[in-house]
1. Could you tell me how many of the residues in the range 74-99 are within 15 Å of the ligand (Cβ to nearest atom), surrounded by 18 or more Cβ atoms within 10 Å (Cβ to Cβ) and under 17 Å from Val266 (Cβ atoms)?
2. Going through the range 459-478 one residue at a time, which ones are touching a residue at least 40 places away in the same chain (Cβ under 8 Å) and crowded, with 18+ Cβ neighbours inside 10 Å?
3. Which count do you get for residues in the range 602-643 that are among the charged types (D, E, K, R), over 24 Å from the mean Cα position of the chain (by Cα), under 21 Å from Lys305 (Cα atoms) and in a helix (DSSP H, G or I)?
4. Here is a list: Val599, Val654. Which entry is touching a residue at least 40 places away in the same chain (Cβ under 8 Å) and either outside any helix (DSSP H, G or I) or among the hydroxyl-bearing types (Ser, Thr, Tyr) (or both)?
5. Here are the criteria: (1) farther than 30 Å from Glu105 by Cβ; (2) not in a strand (DSSP E or B). Tell me which single one Glu299 does not satisfy.
6. For the structure I just gave you, tell me whether Lys569 is among the charged types (D, E, K, R) and over 29 Å from the mean Cα position of the chain (by Cα).
7. Here's a check for you: in the range 520-555, which residue that is of a type in the set (Val, Ile, Thr) and either modelled with pLDDT of 90 or more or more than 19 Å from Lys622 (Cα to Cα) (or both) is surrounded by the fewest Cβ atoms within 10 Å (Cβ to Cβ)?
8. Inside the range 270-309, can you point out the residues that are within 13 Å of the ligand (Cβ to nearest atom), among the aliphatic types (A, V, I, L, M) and in contact with a His (Cβ under 9 Å, 6 or more places away or on another chain)?
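The values are calculated or read from the model by the stated rules, or taken from the named source; none is laboratory data. What you see is a predicted model, and the numbers here were worked out from it, not measured in a lab. Cβ placement follows ideal geometry from the backbone for every residue including glycine, while neighbour counts extend to all protein chains displayed.
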Amino acid sequence: MNPQQASKRARALRGKLNNHNHLYYVLAKPEITDREYDTLYRELVDLEDQFPDLKTPDSPTERVGGAPLSEFRSVSHSVPMLSLSNTYSKDEIREFDARCRKLLENRAFSYMMEPKIDGVAVSIRYVNGLLELGVTRGDGRKGDDISQNIKTIRSIPLQLLGKTPPDLLEVRGEVYMTREDFAEMNARRVKAGDEPFANPRNSTAGTLKLLDSSIVAERPLDAIFYAVGAHTVTNVQTHAEMLEALAAMGFRTSSHVWKCKDIDSVIGALDKLAALRTSLPYDIDGGVIKINELALYSEMGATSKSPRWAVAYKYEPEQVETRVNAITVQVGRTGALTPVAELEPVPVSGTVVSRATLHNFEELERKDVRVGDRVIIEKAGEIIPAIVRVVEAARTGKEKKFRTPKHCPVCKQPAVKTDGEAALRCENFQCAAQLKRWIQHYASRGAMDIDGLGESLVEQLIDKKLVRNPADLYALTADQVAGLERMAEKSAENLVRGVATSRARDLWRLLFGLGIRHVGARSAQVLAEHLGSLDAVRAAGSENLEQVPDIGPIVAASVHDFFADSRNKDLVDRLADTLELAAPEVPAEDAPWSGLTFVLTGTLSRFTRDEAGEAIRRLGGKLSSSVSKKTTYLVAGDDAGSKLQKAEKAGVEVLTEDAFLKLLKSTD
Ligand code: IVH
């Protein structure tokens, strides 16, 4: 075949394959067998091998993923990705309707109601009909370029269907996993010795963040589209028509949408959706109500966070009844002992629940949960299951009260109750359970971010006494690790490499990872920024620590006590020896805003909080979370509340967003 013929054939194959792909994945109406599809696919692969120039971005061969990236590029959304305001009652839905009617001064309009899919929002741009860019929502203004991952999702078109695609189309929708696909994938993971994911949404979010798109290609992602960003689509007047246009261009849209002439009809539709909820293949957490007439959107506008023409109706968390088979005690990172109810497994909101936390023994007593009880559980925030109450009517008299433990269940040392605290604690510094949680925390993504150090590996490292504290991690050799269960040479090397890479993390990650009580990620950042080095933090007395903005006496005392404790001295010495921490960026003394302290409050429309904070720090200013005598300026956005009042009372100068912007421009 000559190059010209090859090019023509490749184009024909791409068109055919993309079309059959749509018939199979979106419409579930295949017209050819898998075998016939594979034959066409192989032919294209061979052609592209022979003539690499023929590879195009819309080729179905792109769907298997590409070379791993080292990081995602950050891109701005041309139209911000707003969120929706939430309502939880029919009354609030009626209030929304009243607001719309008032804004539209009794002009005629109608509504659409559709499922609120519990997935991960993305925006995808098509230029001249070809998929050009896929971006995460991020903070709504900027997101990550995850194009390579998006292309692996078989139900998302690489080229738009139809003869005359719009020049520009940004579609917005939700990437998700069906409950069934999720369960199968988790079963495979457990079999392979990997950690299972908590729920379909978490696993979708985790998958989209993978830098290696070839792994993404193997995960069962799907996507439904429900909105547009910038676009040149013409001849659509309503949201319903837009959804039809999207479906005609090859996108999966919701199979259940309701056109509603008024709010009563919306409420009826919400009830119908609720009845359908468990039969849908994916999780939904409510319904979205949108005005149907697109021309009204720009007129109604949006607040900085959400449009005025739409609202979400969120379901109450699903409650189910089950039995308490046992009550066990979990040991936390700081030694807190927490009662956990081991339940007869039941599905709740899409995942099977077999444990529920009771927070502390006082709560256990108050709720009077006994072994053998029937209980009502719910997923608060749809992630962590909690026991709502005991079904007392179901008691038989055989239920057993649980006695508050006198000892730690793991190391058997006495359980101690500290005054003023609800928690009971194991105070044994060397308790294996505490060590495990400590190392897990140290290695977690939010702290030192050590790749390859999962839960089961930590367990073994502690049980085999290879690791007694975080410093021991840096002395591990690949040989030692390879000898552990389910570890091969390659995974052992990965771990050693992951540990080595973590040597160069930022100082704040270490301060957070050390697990000092009361020191969260934010306090750790502030400490790192103001003290600059591990040595300085170690050497600082409580008074010095309290001078750091936002560090109160409790945190200051806790940090001081941690470094003063003789048991931590050796650990910190060894860490200081082996780590090559990245120094925090400290603005120069003569930076233009050095010595100025800012507090932000209310909603800013031209920045996110992070962006404003970044700008302040870049110029050498300090950002604090509360107004005090030390505050130079309070920057007040829309709907500023108590901080504004406090600032006015304290005589602190208040800047509007405009004034802040001016100040910024005059110095930048
Ligand atoms: S419309 C400007 N429709 O809910 C409004 N959003 O809190 C754009 N979501 O970020 C959103 N299903 O991730 C819309 N049918 C649906 C949705 C939906 C789920 C998510 C979306 C958005 C969040 C809003």
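1. Residues meeting the conditions: 3.
2. Residues satisfying the conditions are Asn469, Pro470, Ala471.
3. Residues flagged as among the charged types (D, E, K, R), over 24 Å from the mean Cα position of the chain (by Cα), under 21 Å from Lys305 (Cα atoms) and in a helix (DSSP H, G or I) within the range 602-643 amount to 1.
4. Every option except Val599 fails the conditions.
5. (1)
6. Working: among the charged types (D, E, K, R): yes; over 29 Å from the mean Cα position of the chain (by Cα): yes.
Criteria met by Lys569.
7. Of the residues in the range 520-555, the ones of a type in the set (Val, Ile, Thr) are 526, 537, 548, 551, 554-555.
Now narrow it down to the ones that are either modelled with pLDDT of 90 or more or more than 19 Å from Lys622 (Cα to Cα) (or both): 537, 554-555.
On the way: Val537: 26, Ile554: 11, Val555: 23.
Once the filter is applied, the top-ranked residue is Ile554.
8. Leu273, Leu280, Ile291, Leu294
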